[in-house]
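Q: Have a look at this one.
Derivation of every value follows stated rules applied to the coordinates shown; laboratory data play no part. Note that the structure is a prediction, hence the values are computed from the model and not measured. Using ideal geometry, Cβ is built from the backbone for each residue, glycine included, and neighbour counts are taken over all protein chains shown.
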Amino acid sequence: MITLYGIPNCDTVKKARAWLTQQGQDYVFVDFKKQGVPAARLDAWLASLGWEAVINRKGTAWRALDGAVKASVVDAASARAVALNHSSIIKRPVVEWADGRTTIGFAPLTWHV
């Protein structure tokens, strides 16, 4: 089963969900706003993809953070702490594919279903 993590009003998440539906793929959607970020999954993403790939330091949510909070994000542990409290700084969507791969972002040309 495919699991897609994100925020429902995010345009990129909307595109990814529509694409999966058009491809006839069933998936589970985990809403960061309603369900929170699963800490164990965040740990896995940070370990496999690296904190720099997981944290979106170009988005509006990042820019809205206090300067001291932004400055505190220097490694996976500090990124984890901030992401658990501010889920909108996680790049979206995070997709865990049925074959065990994890990807971040919407990339229909490279997604294999």
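Q: As a test, work out the antiparallel percent of DSSP beta bridges whose residues both lie in region 1-95, rounded to the nearest 5. Display every interim value, and only then the final one.
A: Details: 3 of 8 bridges.
Among the beta bridges of region 1-95, antiparallel pairing accounts for roughly 40 percent.
Q: Using 0.36 nm per residue of separation minus the Cα-Cα distance, give me the extension gain between Glu52 and Val74 in nm, one decimal.
A: Values: separation 22, 0.36 × 22 = 7.92 nm, distance 0.93 nm.
Between Glu52 and Val74, full extension yields 7.0 nm more.
Q: If I model a spin label as a point 7 Å beyond the Cα along the Cα-Cβ vector, how far apart are those points for Phe29 and Met1 in nm?
A: Going by the 7 Å Cα→Cβ label model, 1.6 nm.
Q: Which loop-located trypsin sites (Lys or Arg not before Pro) does region 1-109 contain, where loop means any DSSP state but H, G, I, E or B and the Cβ has at most 16 other Cβ atoms within 10 Å?
A: Loop-located and lightly packed - Arg57, Lys58, Arg101.
Q: Okay, next question. Take the chain, connect every pair of alpha-carbon atoms lying under 10 Å apart with a spring to form a Gaussian network, then pick out the residue of Ala68, Ala18, Ala83 with the largest mean-square fluctuation.
A: Ala68
Q: Okay, moving on. List the aspartates and glutamates whose Cα lies under 16 Å from the Cα of Lys14, skipping any in the same chain that are fewer than 8 positions away.
A: Leaving aside aspartates and glutamates fewer than 8 places away in the same chain, those within reach of Lys14 are Asp26, Asp31.
Q: Let me ask you something else. Report Rg/Rh for the chain, rounded to two decimals, where Rg is the Cα radius of gyration and Rh the Kirkwood radius.
A: Rg/Rh: 0.96.
Q: Evaluate the distance, in nm, between pseudo-label points positioned 7 Å from the Cα of Ala107 and of Leu84 along their respective Cα→Cβ axes.
A: Result: 2.9 nm between the two label points.
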